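Contents: one structure, followed by commentary.
The values are calculated or read from the model by the stated rules, or taken from the named source; none is laboratory data. Please read all numbers here as calculations on a predicted model, not as lab measurements. With ideal geometry, Cβ positions are generated from the backbone for all residues, glycine too; neighbour counts draw on all protein chains shown.
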Amino acid sequence: MKPQNLLFLFSDQHSKRALGCYGHPLVKTPNLDALAARGTRFSNAYTNSPICVPARAALATGRYVFETGYWDNGKAYEGSVPSWHHRLASLGQTTTSIGKLHFRSAQDPTGFSDSQIPMNVVGGVGDLLGCLRDGSAVLNKYRGYLQEAGAGDSTYIQYDHDITELTVRWLEDIREQPQEKPWVLFASLVCPHPPIISPQSFYDLYPLNDIDWPRQHDASDRPDHPAINDIRQFLGIPDSLPEDTVRRSMAAYYGLCSYLDNNVGKILQALERNGLSDNTRVLYTSDHGEANGDRGIWGKSNMYEESVGVPMILVGDGVPAGQVIETPVSHVDCFPTITDCVGLDRLDEDDCLRGRSLFDIAGGAEPDRIAFSEFHAAGSRTGVFMLRQGDYKYVHYVDVDYPDTLFDLSSDPDEYRNLVEEAAYREVRATFQQQLAQLCDPAFVNAQARGDQLARIAAAGGRQAVLNGGSFGYTPAPGETPVYS
């Protein structure tokens with residue numbers, strides 16, 4: 001495959017359910033839809049952990065969370081595990097990031113040759129409240145996000161405006177400074193992550209009466225599963241919300257998705273305008289999804305498709321156009337994809353990588369391939385492990401009081417019918433259990449995560465000190481001061 005540049009477009013909290021090209025009848029994402037039409041769309045793409053910091057560490061390192069120990073939003077990537085940015089930089093290739101990283105600190109050697117307006121975790125520590133996984137912590141700010149949802153402005157909207165402008169400028173500059181080797185530009189936008197406030201013009205695209213009610217939102221329809229109850233308790237979401245609040249929140253989220261798409265369009269236009277399209281491939285994905293009211297949840301942190309599923313689109317030379325690949329993929333596949341794109345040879349040290357190049361996967365179906373995700377963070381009292389293979393998705397909870405789930409996504413894409421106790425699916429469940437055991441020891445991993453989190457709580461002064469410190473909610477944009485409550 002011919003070595004080429006890579007424009008890696010990344011977003012935050014963009015569920016694969018919220019794009020036109022992934023089948024949403026209402027959400028307007030014309031630029032991403034057009035991008036998908038030019039290349040290959042992976043219909044079953046997953047985050048390796050449905051929360052920001054661990055997901056981004058897996059993306060950087062090509063390794064699973066249980067292998068690196070970046071469990072939660074209070075333990076961020078700091079460069080100690082080799083990343084694809086390290087690999088490229090060590091070979092003298094320009095590797096620039098613009099926007100959100102959610103690493104520990106700008107002073108850490110994370111491998112980028114240049115990082116412009118980075119967003120990292122607060123104070124190098126992040127949010128320790130999520131380490132309190134005994135049910136005592138409540139993120140009180142989330143109810144406020146829902147109450148204020150609607151049209152307006154926010155620091156995140158302005159941050160994405162700045163990221164987009166800097167990305168456009170970078171593409172203009174690189175045109176005037178040709179590189180001897182292919183470059184990689186990681187343009188990392190922050191929308192549609194909360195606050196759930198959309199620019200007015202994009203909010204107006206979604207009349208409230210046109211919006212379908214969320215899946216299993218009402219208490220009478222909600223899955224009776226302790227994992228759902230735990231995350232709702234942590235987020236402080238009441239049992240019922242006014243209909244207007246639900247619809248405003250959904251409309252604002254969709255508006256943010258369209259605002260994100262608009263910024264993606266500006267960047268892609270700049271790529272074309274500067275004569276870079278012919279020798280630059282494009283990759284788009286997001287760190288995790290968003291429930292947007294489904295199961296009575298707002299946010300992520302669960303293994304339902306709307307939360308753990310992400311868009312994944314690959315475009316450029318050597319990539320079939322207009323193709324949809326159903327083979328499961330995940331963020332760990334991005335490391336070998338990036339090195340493939342720029343023409344790097346595979347090294348012996350790559351044997352530890354969990355992924356496979358998306359260029360190879362785009363070449364044909366792999367019905368037996370598995371995608372894996374795990375969760376050890378805020379709002380979950382127990383370790384959670386997900387396996388997706390073929391039509392089925394299996395989720396294992398370490399705590400015996402938390403029933404496992406098994407869904408046939410071919411016949412039940414909205415995950416309404418848990419098959420895990422049905423006799424006809426015992427063999428399917430047993431196969432997944434064996435595959436998970438071959439991958440890791442869930443109980444041991446759960447104990448590792450809890451032990452590390454308890455140690456950090458102790459180092460911070462103990463449980464009560466962490467509770468007293470509260471939470472700042474979403475990470476403030478550069479220049480914004482965190483407000484704790």
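On the given criteria, is residue 218 outside any helix (DSSP H, G or I) and either without any contact (Cβ under 8 Å) to a residue 60 or more places away in the chain or at positive phi (or both)? Answer is no for this residue. For the stretch 10-44, filtering for residues that are crowded, with 23+ Cβ neighbours inside 10 Å and among the acidic types (Asp, Glu) leaves 1.
Looking at 74, 69, 62, just one residue is in contact with a helix residue (DSSP H, G or I) (Cβ under 7 Å, 6 or more places away or on another chain) and closer than 24 Å to residue 192 by Cα, and that residue is 74.
Take the conditions (1) within 24 Å of the chain's Cα centre (by Cα); (2) modelled with pLDDT of 95 or more; residue 223 misses just one of them, which is (2). Checking 153, 162 one by one, the residue that is touching a Gly at 6+ places or on another chain (Cβ under 9 Å), modelled with pLDDT of 90 or more, closer than 19 Å to residue 476 by Cα and charged (D, E, K, R) is 162 and no other.
What do you reckon, is residue 203 surrounded by 20 or more Cβ atoms within 10 Å (Cβ to Cβ), modelled with pLDDT under 95 and under 25 Å from the mean Cα position of the chain (by Cα)? No. Every test in (1) under 26 Å from residue 164 (Cα atoms); (2) out of contact with any Phe, Trp or Tyr (no Cβ under 7 Å at 6 or more places or on another chain); (3) not hydroxyl-bearing (Ser, Thr, Tyr) is passed by residue 283 save one, and that test is (2). Scanning the stretch 92-112 for residues that are within 23 Å of residue 169 (Cα to Cα), surrounded by fewer than 16 Cβ atoms within 10 Å (Cβ to Cβ) and at pLDDT 95 or above yields a single hit, 106.
Among the residues in the stretch 124-133, are any assigned to a helix (DSSP H, G or I) and surrounded by fewer than 17 Cβ atoms within 10 Å (Cβ to Cβ)? Looking through the stretch 124-133, at least one residue is assigned to a helix (DSSP H, G or I) and surrounded by fewer than 17 Cβ atoms within 10 Å (Cβ to Cβ).
For the stretch 252-262, indicate whether the set of residues that are within 30 Å of residue 82 (Cα to Cα) and either acidic (Asp, Glu) or surrounded by fewer than 22 Cβ atoms within 10 Å (Cβ to Cβ) (or both) is non-empty. No - not one qualifying residue is present in the stretch 252-262. Taking every residue in the stretch 336-362 that is in contact (Cβ under 8 Å) with a residue 60 or more places away in the chain and pairing it with any residue that is part of a loop (DSSP other than H, G, I, E, B) and of a type in the set (A, V, I, L, M, F, W, C), at least 6 positions away or on another chain, the pairs with Cβ-Cβ distances below 6 Å are 362/319.
Test residue 111 against the criterion of being of a type outside the set (D, E, K, R) and on the phi > 0 side of the Ramachandran plot, and give yes or no. Yes; evaluated as a whole, the condition is true for this residue. In the stretch 273-312, the residue that is farthest from the chain's Cα centre (by Cα) out of those that are of a type in the set (A, V, I, L, M, F, W, C) and under 28 Å from residue 213 (Cα atoms) is 297.
Inclusion of residue 159 among residues that are assigned to a helix (DSSP H, G or I) and in contact with a Phe, Trp or Tyr (Cβ under 6 Å, 6 or more places away or on another chain) is not warranted.
Checking each residue of the stretch 258-267 against the condition of being more than 30 Å from residue 212 (Cα to Cα) and in contact (Cβ under 8 Å) with a residue 12 or more places away in the chain gives at least one match. Scanning the stretch 221-248 for residues that are under 10 Å from residue 295 (Cβ atoms) and part of a helix (DSSP H, G or I) yields a total of 4.
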